[in-house]
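A.B. asks: The structure follows.
The values are calculated or read from the model by the stated rules, or taken from the named source; none is laboratory data. Note that the structure is predicted; figures quoted are calculated from it, not measured. Positions of Cβ are backbone-derived with ideal geometry, glycine not excepted, and every protein chain shown enters the neighbour counts. Just so you know, the surface numbers come from the protein's heavy atoms only, side chains and all, with ligands and any DNA or RNA stripped out. Shrake-Rupley method; radii C 1.70, N 1.55, O 1.52, S 1.80 Å.
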Amino acid sequence: MNLHVTAELDGPITTNPVVREDVVRLVDLKRRFGATPALDGVSLTVQKGEILGIIGRSGAGKSTLIRCLNGLERPDSGEVFIEAREISRLGERDLQPLRRRIGMVFQHFNLLSAKTVEENVALPLKIEGRPRAERLARAAELLQLVGLSEKAQAYPASLSGGQKQRVGIARALAARPALLLSDEATSALDPETTRSILALLKDINARLGLTILLITHEMEVIRSIADRVAVIDAGRIVEEGAVWQVFANPKSEITRSLLGAIRPQLPPEIASRLAAGEGAETILRIDVAGQAAHGPLLSDLSAAVPGPFRLVHGGIDHVQRQPVGTLFLSVPGTDAAHLAAVIAFLKDRDARVEVLGHVASPV
Ligand code: ADP
């Protein structure tokens, strides 16, 4: 632990109103490359102990955001607070100790191939000039935490991708950072290994109270472990909130499209038959989440509004232990009053209802 830095960071803070519990606070961050606004007024906070996911497509501004966070890029305007210290105008010398407050995990692991696993993990402490005994003790402790004690003397080339990333995580934690910044850490891994790495991050978050900022382009990563999500597009945060709420009620088109693959969609064979106007059956999309998804919605609908309906597709997922469901119902007949009664009942139960269209014959 770098005592000098800790003392400095824990000193009196008199000039800004940052709450001590914000590990990161970005205020109206702007960075432009020629005509391209890579960051166009980004404000967000990462609170102590939370896992915040930032998701966006390629070119959205994620890398620029990371570079502003670790001081590799200077914003044109705005402020970057790391543990209440504004870093965006600091010189290289002052930045060095603050950078160590952020442990980075990378997509391609960035391990040194000529060094053993133990040496890789201990490297940040060597850079800090910590004594060898302390470095080895810390490396052993961290390798145990990530389940790789038996690989201490192995070289990276002999490890699987998942094992390499475990070493990367152990190394990122060596200097006891305030924030773990994961930059597409599972993007190069297969789905099963991805799950085990995400489970490890979640476990470390829970056990050590570690604050994690996850940068990803995959909603599945957000879904698995994040508490909160911020969606970035064209350098702006277009949506932000608790993960289950954003999943249940995405506000922006980009969020809906990023969610596309992991939320139920109308099967193509039904979607291709949808038409406007009248038809033998009306297809409804019903989104329901949280408290509203706990009740017996369909049996209550059946009791309250006589007349047939059929469930044609859908499912209930659990995100942050909250039910988040999407159901596709087919309501036969052309009775507009009946359809209106179905929709009114569902809306009364806090479901979101969308008439997708009509099909000419039963699906
Ligand atoms: P992401 O990491 O989400 O893919 P980036 O932060 O790399 O997004 O890029 C955001 C936008 O800024 C893109 O349009 C990209 O082309 C542009 N950009 C990023 N870095 C530079 C640079 N050094 N020079 C010129 N344009 C850049």
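A.B. asks: Find how much the distance from ALA271 to LEU208 grows on full extension, using 0.36 nm per residue of separation minus their present alpha carbon separation; answer in nm with one decimal. It would help to have the intermediate numbers written out before the result.
C.D. replies: Numbers: separation 63, 0.36 × 63 = 22.68 nm, distance 4.71 nm.
The span from ALA271 to LEU208 would gain 18.0 nm if fully extended.
A.B. asks: Also, I was wondering about something else. With every protein chain present, what is the per residue accessible area of the chain (1.4 Å probe, Å²)? Spell out each step's value before the answer.
C.D. replies: Values: 16790 Å² over 363 residues.
Here the residues of the chain average 46 Å² of exposed surface.
A.B. asks: Ok, one more. Ignoring ligands, DNA and RNA, please state the percent of accessible area on the chain from carbon and sulfur, probe 1.4 Å.
C.D. replies: Working: 8750 of 16790 Å².
Of all accessible area on the chain, carbon and sulfur atoms account for 52 percent.
A.B. asks: Could you grab the relative contact order for the chain? Cα pairs under 8 Å, six or more apart, rounded to a whole percent.
C.D. replies: Working: 669 pairs, mean separation 61.5, N = 363.
Answer for the chain is 17 percent.
A.B. asks: Shifting gears a bit: How many nm separate the modelled label positions at ASP335 and SER77, each set 7 Å beyond the Cα in the direction of the Cβ?
C.D. replies: Taking the two extended label points, one gets 6.1 nm.
A.B. asks: How would region 99-258 be classified by its alpha-carbon gyration tensor: rounded, prolate or oblate, with rounded meaning a/c under 1.5 and the a/b versus b/c comparison settling the rest?
C.D. replies: Numbers: a/c = 2.38, a/b = 1.98, b/c = 1.20.
Since a/c reaches 1.5 and a/b is larger than b/c, the shape of region 99-258 is classed as prolate.
A.B. asks: Also, I was wondering about something else. In whole angstrom, note down how far apart the Cα centers of region 141-163 and region 260-331 are.
C.D. replies: That distance is 46 Å.
A.B. asks: Also, quick follow-up: On C-alpha positions alone, give me the angle between the axis of helix 161-173 and the longest principal axis of the chain, in degrees, nearest 10.
C.D. replies: 60 degrees
A.B. asks: Quick one: grab the alpha carbon gyration tensor of region 268-359, order the square roots of its eigenvalues as a ≥ b ≥ c, and give me rounded if a/c is under 1.5, else prolate or oblate depending on whether a/b is larger than b/c. Could the numbers behind the result be given before it?
C.D. replies: Working: a/c = 2.32, a/b = 1.39, b/c = 1.67.
Taking the square roots of the gyration eigenvalues as a ≥ b ≥ c, region 268-359 is oblate.
A.B. asks: May I pose another question? Students often forget the sequence filter, so: which lysines lie under 17 Å Cα-Cα from LYS30 once same-chain residues fewer than 8 apart are removed?
C.D. replies: LYS62
A.B. asks: So which lysines pass the test for LYS115, namely a Cα distance under 30 Å, with those fewer than 8 places away in the same chain ruled out?
C.D. replies: LYS115 reaches LYS126, LYS151, LYS164, LYS202.
A.B. asks: Quick one: if you take sqrt(5λ) for each eigenvalue of the C-alpha gyration tensor of the chain, what semi-axes come out, biggest first, whole angstrom? Could the numbers behind the result be given before it?
C.D. replies: Working: eigenvalues 443, 109, 63 Å².
The answer is 47, 23, 18 Å, longest axis first.
A.B. asks: Estimate the FRET efficiency between ARG176 and GLN291 by the formula 1/(1 + (r/R0)^6), using the beta-carbon distance for r and 41 Å for R0, to the nearest 0.05.
C.D. replies: Numbers: r = 40 Å, r/R0 = 0.97.
Plugging the Cβ-Cβ distance into 1/(1 + (r/R0)^6) gives 0.55.
A.B. asks: Right, here's the next one. Among residues other than ALA304 whose Cβ falls under 10 Å from its Cβ, what is the net charge (Lys/Arg +1, Asp/Glu -1)? Write out the running numbers ahead of the final one.
C.D. replies: Values: positive: ARG349; negative: ASP300, ASP348.
Spelling it out: positives minus negatives among the neighbours equals -1.
A.B. asks: Separate question: Where does each of ARG310, ARG223 land when they are ordered by accessible area, with a 1.4 Å probe and the largest first? Display every interim value, and only then the final one.
C.D. replies: On the way: ARG310 90, ARG223 65 Å².
These residues rank, largest area first, as ARG310, ARG223.
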